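The values are calculated or read from the model by the stated rules, or taken from the named source; none is laboratory data. Being a predicted model, the structure only gives us computed values, none of them experimental. All Cβ positions, even for glycine, are placed from backbone atoms using ideal geometry, and neighbour counts span all protein chains on display.
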């Protein structure tokens with residue numbers, strides 16, 4: 001059995017007096033891609049941010065790579081996981097070459113930039129890129145930060161949003177390749193068709209885990225109708 005690299009039990013989070021995570025339990029193992037799905041406001045982004053150690057006020061049991069990410073120094077945490085937010089932001093209008101200098105390995109960033117189809121854009125600034133191009137530029141940072149995927153956790157929030165079909169497929173292949181290299185991958189997505197290709201699916205509704213398991217058992221027609229209001 002593959003090693004469990006990410007585990008949560010009774011994970012809960014309140015924001016502005018509202019419960020956005022309510023006792024969520026999950027595990028993600030090395031070699032596994034787990035999709036987190038649910039309607040808008042279901043708690044997907046909060047779940048990923050909590051698992052990444054970005055919400056120290058989250059309660060419950062949480063371990064990532066053998067440590068509690070809420071209580072782990074950023075440098076140590078960066079060696080255990082890589083996280084990509086849904087809407088990556090940069091305070092500076094970097095060129096892609098300058099953005100790559102922020103990566104632990106600029107060479108790895110260059111590799112991923114080429115792999116995601118930005119090989120001819122090194123001198124362009126982020127403001128000159130399309131939304132999809134900016135997305136894959138920041139994903140290049142995330143994958144380069146992951147480095148050797150073995151034994152690490154990859155957390156991705158809507159990684160294929162705003163991407164064209166070709167780049168979305170390239171990102172999906174990179175996700176699967178990371179898992180095959182030994183990472184545990186947790187991905188929040190609205191793409192149910194892609195979620196059905198993952199190893200397991202977690203369905204959130206109003207902060208609660210309402211289904212979990214292989215796609216065929218977790219994403220039943222009845223649950224889809226109850227969660228999204230249609231099939």
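On the stretch given as region 197-214, residues that are under 27 Å from residue 3 (Cα atoms) and either under 16 Å from the mean Cα position of the chain (by Cα) or crowded, with 17+ Cβ neighbours inside 10 Å (or both) total 12.
Close Cβ contacts (under 7 Å, 6 or more residues apart or on different chains) running from residues in region 14-28 that are free of Cβ contacts under 8 Å to residues at least 40 places away in the same chain to residues that are surrounded by fewer than 19 Cβ atoms within 10 Å (Cβ to Cβ) comprise 27/4; 27/7. Checked against (1) buried (at least 22 other Cβ atoms within 10 Å of the Cβ); (2) closer than 20 Å to residue 203 by Cα, residue 22 passes all but condition (1).
Residues of region 64-75 that are touching a helix residue (DSSP H, G or I) at 6+ places or on another chain (Cβ under 8 Å) and either closer than 16 Å to residue 183 by Cβ or exposed (fewer than 11 other Cβ atoms within 10 Å of the Cβ) (or both): 64, 69. For region 199-229, filtering for residues that are assigned to a loop (DSSP other than H, G, I, E, B) and on the phi > 0 side of the Ramachandran plot leaves 3. Of all residues in region 33-47, which are in contact with a helix residue (DSSP H, G or I) (Cβ under 9 Å, 6 or more places away or on another chain) and either in a strand (DSSP E or B) or without any contact (Cβ under 8 Å) to a residue 60 or more places away in the chain (or both)? Passing the criteria: 33, 35, 36, 37.
Please list, ordered by residue number, the helices (runs of 4 or more DSSP H) wholly in region 88-198 having 2 or more residues that are farther than 24 Å from residue 40 by Cα, modelled with pLDDT of 95 or more and in contact with a strand residue (DSSP E or B) (Cβ under 8 Å, 6 or more places away or on another chain). Please lay out each step first, then the result.
Working: elements: 96-100, 106-115, 131-146, 165-180, 192-195.
Those helices (runs of 4 or more DSSP H) span 131-146, 165-180.
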